[in-house]
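Let me begin by presenting the structure, written as structure tokens, before commenting on it.
FYI, it's all coordinate maths here, none of it is from the lab. What you see is a predicted model; the values in this text were computed from it and never measured. Glycine gets a Cβ as well: all are built from the backbone with ideal geometry, and neighbour counts include every protein chain shown.
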Amino acid sequence: MIPMQSMLIAPPVWVDTPDALLDLVKTIQSDPILAVDTESNSLYAYQEQVCLIQISTPSTDYLIDPLALDDLTPLAPLFANPRQQKIFHAAEYDLICLKRDYGFQFANLFDTMIAARILGETQVGLGSLLGSSFSINLDKRYQRANWGKRPLPPAMLDYARMDTHYLFQLKDLLAEELEVRALLDLAREDFALVCDVEPSSQAPNGNSCWKVAGNARLNPQETAILQSLCSYRDQQARSLDLPHFKVLSNEALVEISRAAPHSIEELRQIRGLSERLINRYAEGLLKAIAVGENNPPPARPYRAKPDNNTLKRLAALHTWRKNVGQSLHIESDVVLPRNFMESIAMQNPTSLGELKQLMDSIPWRFQQYGEAIFQVLHTQE
């Protein structure tokens with residue numbers, strides 16, 4: 001069922017040709033503010049990709065079909081324009097996908113989820129915020145749908161456009177409250193940090209056994225089998241264009257590694273292996289097990305452990321951050337993001353000037369908390 005409020009809104013504009021994309025850019029390039037969202041197919045493909053880009057102005061919702069367009073570079077100037085604000089909700093994932101697939105860069109962003117967290121909201125999903133602020137009920141049934149299929153049914157198109165349609169109202173409400181509480185500069189600081197997020201350089205799925213939950217329960221030989229099974233699963237996932245979990249679950253791989261079955265009958269005893277999976281993968285699994293049994297255990301990735309003094313500083317900063325967050329009724333990572341906390345603990349600045357350099361990209365926090373952070377560090381000496 002389509003939400004009642006969507007029945008009162010003009011239909012979205014579908015953009016799936018180069019000419020339509022150019023017309024869109026010409027139409028909205030002078031708008032001072034846009035709302036943006038994306039939909040991807042991460043639950044349905046080996047290599048996820050952006051399958052839909054939603055852009056709204058206060059008067060019109062546009063749905064851009066990247067699967068029908070070979071060139072999306074006309075959008076690049078819009079996203080990079082520092083004079084044109086882009087509203088997202090939970091922007092980090094969208095920006096990672098858009099940068100990975102198209103190389104876009106971003107400036108002048110407003111993230112309504114970040115803003116809500118800074119204001120101490122505990123329910124920061126878009127549906128929760130719109131419901132509590134405007135009594136708008138978003139239909140979220142297509143949140144895990146396959147956005148790579150075509151044609152998209154009208155109900156999915158309606159769902160997609162609603163993710164940007166109301167962001168203007170929500171942004172205005174949150175920005176006003178941020179300004180009243182003198183937190184707008186903090187929000188801008190975090191919006192700028194999100195603009196700088198970059199996609200991972202690692203393969204999207206990978207085949208390392210060390211990423212499989214439960215590997216710590218295995219002995220060295222079982223770990224070698226697990227690595228061989230992971231490589232086999234990755235090959236199958238790639239050939240079938242499926243994410244790993246839709247081929248074989250991590251739990252099944254761990255159970256197979258522990259049992260090391262040598263026949264189809266023994267495979268049938270493995271928890272999490274259906275008859276369908278056995279019929280499809282039994283031969284490959286048995287071969288992978290044999291390979292693993294003859295391979296040396298894989299080397300565990302080396303990760304340097306911080307020294308005791310660093311751990312003490314990190315614990316002290318963690319406690320300080322938690323206490324400040326509780327006093328302000330906000331999450332502790334809003335006070336000081338974890339990556340900055342860890343860097344400060346590792347570097348152990350010996351002066352406020354050095355600390356200021358480490359906090360160069362979060363100047364609001366340095367101004368508010370710099371002296372307190374420095375004091376916490378040096379009470380550990």
Using a simple charge model, +1 on the beta-carbon of Lys and Arg, -1 on the beta-carbon of Asp and Glu, nothing else, what dipole does the chain show about its Cα centre, in debye to the nearest 20? 1160 debye
Highest mean packing first, using Cβ neighbours within 10 angstrom, the peptides 363-371, 50-58, 143-151, 102-110 sort as 50-58, 102-110, 363-371, 143-151
Full extension from GLU198 to GLU177: what is 0.36 nm times the residue separation minus their Cα-Cα distance, to one decimal in nm? 4.6 nm
Under 29 Å from LYS287, Cα to Cα: lysines that are on another chain or at least 8 residues apart: LYS211, LYS246
How do 256-263, 227-234 rank on mean C-beta neighbours within 10 Å, highest first? 227-234, 256-263
Students often forget the sequence filter, so: which lysines lie under 23 Å Cα-Cα from LYS356 once same-chain residues fewer than 8 apart are removed? LYS312, LYS322
Expected sort for 245-252, 301-308, 94-101 on mean C-beta neighbours within 10 Å, highest first, is 94-101, 245-252, 301-308
Of GLY131, GLY120, GLY353, the most mobile residue in a GNM of the chain (C-alpha springs, cutoff 10 Å) is GLY353
Given backbone amide H placed at 1.01 Å from N, residues whose amide H is under 5 Å from that of PHE110, ignoring those fewer than 5 places away on the same chain, are LYS86, ILE87, PHE88
Shape verdict for segment 335-381, please, from the Cα gyration tensor: rounded (a/c under 1.5), prolate (a/b greater than b/c) or oblate. rounded
Helix-only mean residue ellipticity at 222 nm for the chain, each DSSP H run of n ≥ 4 adding -39500 (n - 2.57), per residue, nearest 500: -15500 deg cm²/dmol
Suppose every K and R has +1 on its Cβ and every D and E has -1 on its Cβ; what is the size of the dipole of segment 4-195 about the Cα centre, in Debye to the nearest 20? 240 debye
Among rounded, prolate and oblate, which fits segment 91-170 when a ≥ b ≥ c are the square roots of the eigenvalues of its C-alpha gyration tensor, a/c under 1.5 means rounded, and a/b larger than b/c means prolate? oblate
For the chain, calculate the relative contact order in percent as a whole number, restricting contacts to Cα pairs under 8 Å that are 6 or more residues apart. 15 percent
Simple label model, 7 Å out from Cα along Cβ direction - TRP364 to ILE96, nm: 2.3 nm
Rounded, prolate or oblate for segment 209-294? Axes are the square roots of the Cα gyration tensor eigenvalues, ordered a ≥ b ≥ c, and the cut-off for rounded is a/c under 1.5. rounded
In order over segment 163-173: 3J(HN,Hα) from phi, Karplus 6.51/-1.76/1.60, θ = phi - 60°, whole Hz, x for each Gly or Pro, gives 5, 10, 4, 9, 5, 5, 4, 5, 4, 4, 5
Over the chain, with a Gaussian network built from C-alpha contacts below 10 Å, which listed residue (ALA290, ALA175, ALA90) shows the highest mean-square fluctuation? ALA290
Which lysines does LYS171 reach when only Cα atoms under 23 Å apart count, and residues fewer than 8 places away in its own chain are ignored? LYS86, LYS140
If the viscosity is 1.306 mPa s and the temperature 10 °C, what translational diffusion coefficient in µm²/s does Stokes-Einstein give for segment 243-346 when Rh comes from Kirkwood over Cα pairs? 89 µm²/s
Note, ³J(HN,Hα) from phi for segment 107-120, Karplus 6.51, -1.76, 1.60, rounded to Hz, x at Gly and Pro: 8, 6, 10, 10, 9, 5, 6, 4, 4, 5, 5, 4, 7, x
Multiplying the sequence separation of GLU275 and ASP16 by 0.36 nm and subtracting their Cα-Cα distance, what value in nm do you get? 89.0 nm
